[in-house]
Amino acid sequence: MSTGQTHILNNSSILITGGTGSFGTAFIHKLIKNYSPKRIVVFSRDELKQYEMAEKISHPNLRYFIGDVRDEDRLRRALNGIDIVIHAAALKQVPAAEYNPIECIKTNVIGAENIINAAIDTGVKRVIALSTDKAVNPMNLYGATKLCSDKLFVAGNNLSPIGGPIFSVVRYGNVVGSRGSVIPFFKERRSTGKLPITDPRMTRFWLTLAEGAAFVEKCVDLMRGGEVFIPKIPSMKITDLASAVAPECEQEIIGIRPGEKLHEIMIPSDEARNTREYKDFYVIQPAHHNWVDQVANKYENELGVPVAEDFAYSSDNNGEWYSAEQLKAVID
Ligand SMILES: NC(=O)c1ccc[n+]([C@@H]2O[C@H](COP(=O)([O-])OP(=O)(O)OC[C@H]3O[C@@H](n4cnc5c(N)ncnc54)[C@H](OP(=O)(O)O)[C@@H]3O)[C@@H](O)[C@H]2O)c1
């Protein structure tokens, strides 16, 4: 991956919505370490999280902007002079979204529309939005809002004038150890001697925060507008994870929770006809764009190949798996 002077993140002004979150913090560390951005702006609501982040990360070009993605005027103000937006702000807790659906819709769906409008109005060049495997064939409200968000960003390219912003999506699976994820939960329960397992057959896609941040870093440079980028990442069995976190604990089967799936899907078979495979990732191309010419299919000189008609990328049919030892290494 190019981190040299030619990378789009160099000499750009970059705003990260949800910059104080797990992803945002990891991404900003990378930005500061690997690039010379003109300006980095953290955009989020809670002043305490921003204060705590500012105590830990100081950089002369780093700014903190209080704002809510539900507030389009505030976004328009914040995006003034910004070249690149990484949209990571979201409400993402499945049970909270089931209980408070309209709040999740306002942040994840209306927020996405506000980003698109404000980016077009202020002359932003690129927007990349983070998505999740839960957006595919969604079973819960959180996933459904992220599917709407993905659709809005892909279609945002239709609203953009010539020379206006391009919009793409990065979709990936569970992030090891992110806020509210299963690892901190298992660690907390370790002292009770029992770990609750919803279903022993359950599998998930799994990547580290650093891997997620590196993939976004790569896609923001590669994007042409309209793609859903999906990294090739391993799967893990939830029972292997529980054994890796607390081998001494009994695994107590408590039954699948509302809105939960046994396995997650990153690319559904119905999208196979729009999907190309590259060495390290897949791209779902927008069905309504003219993407047939070879230049558009090429990333870093790699042309990629169309996937088989019946292809699906799901956490249970993955060719790559985390072993118990590898899981141990990433959770410590
Ligand atoms: N973690 C995962 O396993 C995972 C997997 C796949 C995809 N993703 C996606 O990756 C993105 C980042 O996830 P994350 O794990 O970094 O989440 P996170 O740690 O919960 O961070 C969320 C961030 O969004 C901000 N935020 C929430 N509501 C906001 C609003 N209305 N306006 C502005 N900022 C708002 C939060 O700050 P304030 O509360 O201060 O506003 C926080 O900075 C999300 O889009 C998520 O859907 C995550």
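The values are calculated or read from the model by the stated rules, or taken from the named source; none is laboratory data. This structure is a prediction, so every number in the text was calculated from the model and none was measured. Quick reminder, even Gly has a Cβ in these numbers, built from the backbone with ideal geometry, and neighbours come from all protein chains shown. Note: areas computed on protein heavy atoms with side chains; ligands, DNA, RNA excluded. Shrake-Rupley method; radii C 1.70, N 1.55, O 1.52, S 1.80 Å.
Things to note:
- Verdict on Glu188 being in a helix (DSSP H, G or I), more than 21 Å from the chain's Cα centre (by Cα) and free of Cβ contacts under 8 Å to residues at least 40 places away in the same chain: yes
- Per-region count, the range 247-258, residues farther than 12 Å from Met202 by Cβ and over 28 Å from the mean Cα position of the chain (by Cα): 5
- Residue in the range 225-244 that is under 24 Å from Ala129 (Cβ atoms), open to solvent by 10 Å² or more (accessible area, probe 1.4 Å) and assigned to a helix (DSSP H, G or I) present: no
- Of everything in the range 8-28 that is farther than 22 Å from Val175 by Cα and buried (at least 18 other Cβ atoms within 10 Å of the Cβ), the residue that is nearest to the ligand (Cβ to nearest atom) is Ile14.
- Of all the numbered requirements in (1) farther than 21 Å from Gly177 by Cβ; (2) more than 14 Å from the ligand (Cβ to nearest atom); (3) not charged (D, E, K, R), Leu31 misses one, and that requirement is (1).
- Boolean, Ile115 is modelled with pLDDT of 95 or more and closer than 20 Å to Thr20 by Cα: yes
- Residues that are away from the ligand (no atom under 14 Å from the Cβ), not polar (S, T, N, Q) and not in a helix (DSSP H, G or I) within the range 132-183 comprise Met139, Pro161, Ile162, Gly163, Gly164, Pro165, Ile166, Phe167, listed in sequence order.
- For the range 1-113, the strands (runs of 3 or more DSSP E) that sit wholly inside it and include 1 or more residues that are within 20 Å of the chain's Cα centre (by Cα) are 13-17, 39-44, 84-87.
- Among the candidates Glu72, Glu55, Glu47, residue that is more than 10 Å from the ligand (Cβ to nearest atom) and over 27 Å from Leu141 (Cα atoms): Glu55
- Test result for Val124, within 22 Å of Met223 (Cβ to Cβ) and in contact with a Pro (Cβ under 6 Å, 6 or more places away or on another chain): yes
- Top-ranked residue in the range 84-101 [being open to solvent by 70 Å² or more (accessible area, probe 1.4 Å) and within 11 Å of the ligand (Cβ to nearest atom); ranked as nearest to Lys38 (Cα to Cα)]: Lys92
- Residues (small (Gly, Ala, Ser) and under 20 Å from His288 (Cβ atoms)) located in the range 164-186: Gly164, Ser168
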